[in-house]
Amino acid sequence: MSEIKASGAAKRLLRRLPRSFALAWAVSGCSAIKPADSFTLLTELPPGFSIKGEASYVPRMGEMCSVPAKTGRSYPGRKFFEQELSNGAQTARFEVPLTSMEGGCPLVLKSFGYEVDAKYGAARLNLGRDYTGIAFQNGIAESQNSPTPLVLQKQCEWLFRTVGSNRYIAKILKCKSVATPEQAKGAVAKGPLQLSQLTGKTVRVVFAISSVERPAIGDTWVKFSTGWKRCKGDSLDDPYAFCRGNTTDFKPFKMPDGRDCTVYPNCTE
C-alpha cells in the first residue's frame, strides 16, 4: 500500500474541521445504517491517540464533470470522520461510501487521509501529529493473486529532541505503512486498494506505537547503556548543540513533567 501524505490544503482543512461535520462511530457506540455501496473501516488506536479522517472523491472514470466548488460549510467530494482521544486503546468504526453524487457528478473514492494526534505528556501542547492514509483505485485488480488486503498496519514512533532555553523534551510523531506478519513480502502493503473488491467488506487499519524512541536530529545525542545523553555543543545555551565528536561533555534537560534529567528516557543514571 502506497503511503498517502495529505496536501497542505487538506491538512489545513482537517484542522479547521467543525465538529458538526465529524462523523464517528465507536465500536461500542450506536449502530448506523450501512450504505449499500460502502465498506466498513475499523481503525485500532493505541492509548493516547485520536484521529480525524477525510475521504476524498473524484469524478468516475469516463465522466467529463468535475467536483463542485466549496460553498459555505459544504465540501463537495469530501466526507469527514473523527475519533476523539482516549487514555485507553480504542477502535473507531467508520462506514465509508465508495461512491458519491455531488452536483450531478458521479464520484468514486480516491483516498482516505488520516490526521493522527498522540499525547506524550499531560500538558495541552505535549502532542505529536502526523499524516498518513490509504489510496484506492477504481478498476479491476490486475491479478487474482493480489487481493485487496483486509488488514493494514501503520507503525508509529516518537522522535525526541530538546526545545527552548530550559531544554524541555519535545517529541515528533512519525507514522508509516508497514507489512503485517501475514504480508511477509510486503507486496500487498503497496497501494492502491481495489474499489471493486471492497463493497460490503471490512478493512481493519491497526496503528501501533514503537516502544523504541530515537533522536529527531542526528549528531545531537549519544547513546549509552543507561540511555541517551544530550551533547553540550559550544555551551549550555547552544540551541543546536551538535556533538561533533565530543562524547564526553553533555548537558541536562527537562522531561515534559518538569523533572531535571541527565539521561533519556530514564532521567537519571
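A few comments on the model shown:
- In region 53-68, residue nearest to Y114 (Cα to Cα) [restricted to those that are at pLDDT 90 or above and of a type in the set (G, A, S)]: G53
- One residue from G88, G113, G104, G62 being small (G, A, S) and touching a Ser or Thr at 6+ places or on another chain (Cβ under 8 Å): G113
- Residue count for region 101-117 satisfying the condition of being in contact with a Lys or Arg (Cβ under 8 Å, 6 or more places away or on another chain) and over 18 Å from P192 (Cβ atoms): 4.
- In region 58-99, the residues that are in a loop (DSSP other than H, G, I, E, B), closer than 20 Å to S38 by Cα, without any contact (Cβ under 8 Å) to a residue 60 or more places away in the chain and of a type in the set (A, V, I, L, M): V67
- Restricting region 217-234 to residues that are among the basic types (K, R), in a strand (DSSP E or B) and without any contact (Cβ under 8 Å) to a residue 60 or more places away in the chain leaves a set whose member that is surrounded by the most Cβ atoms within 10 Å (Cβ to Cβ) is K229.
- Residue count, region 247-269 (criterion: assigned to a loop (DSSP other than H, G, I, E, B) and among the aliphatic types (A, V, I, L, M)): 1
- Counting the residues of region 235-267 that are free of Cβ contacts under 8 Å to residues at least 40 places away in the same chain and more than 16 Å from W221 (Cβ to Cβ) gives 4.
- For region 45-75, residues that are surrounded by fewer than 17 Cβ atoms within 10 Å (Cβ to Cβ) and touching a Phe, Trp or Tyr at 6+ places or on another chain (Cβ under 8 Å) total 2.
- Taking each residue of region 140-162 that is in the same structural domain as Q194 (by TED's automatic domain parsing) and under 14 Å from A179 (Cα atoms) and looking for partners that are at pLDDT 85 or above and part of a loop (DSSP other than H, G, I, E, B) with beta-carbon atoms closer than 9 Å, six or more apart or interchain, yields T148/L198; T148/K201; L150/K201; Q155/S210; C156/P46; C156/S210.
- Residue that is modelled with the lowest pLDDT, among those in region 213-269 that are over 21 Å from I172 (Cβ atoms) and charged (D, E, K, R): E269
The values are calculated or read from the model by the stated rules, or taken from the named source; none is laboratory data. Bear in mind the structure is a predicted one, so any value in this text is a computation, not a measurement. Neighbour counts run over all protein chains shown; Cβ positions are idealised from the backbone, glycine included.
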